[in-house]
Amino acid sequence: MLAAGITGHTELTVTKDHTAIARKSGTLEVFATPAMIELIEETAWKSVADELEEGCATVGTALNIKHLSATPVGMKVICETRLTEVDGRRLVFETAVMDETGKVGEGVHERFIIQSDKFQKKANDKLQSSSFAQ
């Protein structure tokens with residue numbers, strides 16, 4: 001049952017692929033903010049995936065985070081999420097990201113429960129009405 005209190009936990013070791021220079025968010029070989037966002041989103045959606053009805057998934061809709069400290073290549077990073085609010089289809093998660101020396105990120109992440117096929121069809125239908133030249 002989907003209810004506040006569900007937790008998630010994901011670990012990774014920072015590689016060159018996770019760095020600011022590789023993610024084009026800066027020029028340094030440290031854990032990139034975009035990589036931290038990916039880790040937060042992955043941890044959150046995986047934590048509730050088994051509780052969803054068949055054919056449903058979640059999509060990220062809002063993120064308010066702080067990247068507090070740099071993490072070098074080779075160091076382990078841990079993300080923990082806790083579902084704090086369930087409001088219909090809206091899910092709110094508290095997030096914390098730590099490396100081997102302490103907290104490096106924190107924030108709030110919001111996701112919505114969607115019907116996968118319907119959501120994908122609506123996204124694909126945009127191709128028919130695109131005003132950009134192809």
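The values are calculated or read from the model by the stated rules, or taken from the named source; none is laboratory data. If you're wondering where the values come from, they're calculated on a predicted model, not measured in any experiment. Positions of Cβ are generated from backbone atoms using ideal geometry, with glycine treated the same way; all protein chains shown enter the neighbour counts. Surface areas here come from the heavy atoms of the whole protein model, side chains and all, with no ligands, DNA or RNA. Shrake-Rupley method; radii C 1.70, N 1.55, O 1.52, S 1.80 Å.
Condition check ((1) at pLDDT 95 or above; (2) part of a strand (DSSP E or B); (3) among the hydroxyl-bearing types (Ser, Thr, Tyr); (4) out of contact with any strand residue (DSSP E or B) (no Cβ under 6 Å at 6 or more places or on another chain)) across all residues:
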| site | (1), (2), (3), (4) |
| --- | --- |
| Asn64 | yes, yes, no, no |
| Ala70 | yes, no, no, no |
| Ile78 | yes, yes, no, no |
| Thr95 | yes, yes, yes, no |
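Would you check if there is a residue in segment 65-85 being closer than 18 Å to Phe112 by Cα, without any contact (Cβ under 8 Å) to a residue 60 or more places away in the chain and open to solvent by 60 Å² or more (accessible area, probe 1.4 Å)?
no
With the checklist (1) touching an Asp or Glu at 6+ places or on another chain (Cβ under 8 Å); (2) surrounded by fewer than 16 Cβ atoms within 10 Å (Cβ to Cβ); (3) not hydroxyl-bearing (Ser, Thr, Tyr) in hand, flag the one item Asp50 doesn't pass.
Single failed check for Asp50: (1).
Of Ala62, Ala44, Ala57, which residue is within 28 Å of Glu29 (Cβ to Cβ) and within 19 Å of the chain's Cα centre (by Cα)? Spell out the reasoning first.
Numbers: Ala62 fails: within 28 Å of Glu29 (Cβ to Cβ); Ala57 fails: within 28 Å of Glu29 (Cβ to Cβ).
From the options Ala62, Ala44, Ala57, the qualifying one is Ala44.
Does Thr19 count as loosely packed, with under 12 Cβ neighbours inside 10 Å, in contact with a helix residue (DSSP H, G or I) (Cβ under 8 Å, 6 or more places away or on another chain), modelled with pLDDT of 95 or more and more than 23 Å from Arg111 (Cα to Cα)?
On the way: loosely packed, with under 12 Cβ neighbours inside 10 Å: no; in contact with a helix residue (DSSP H, G or I) (Cβ under 8 Å, 6 or more places away or on another chain): yes; modelled with pLDDT of 95 or more: yes; more than 23 Å from Arg111 (Cα to Cα): yes.
Here the answer is no, as Thr19 does not meet what is asked.
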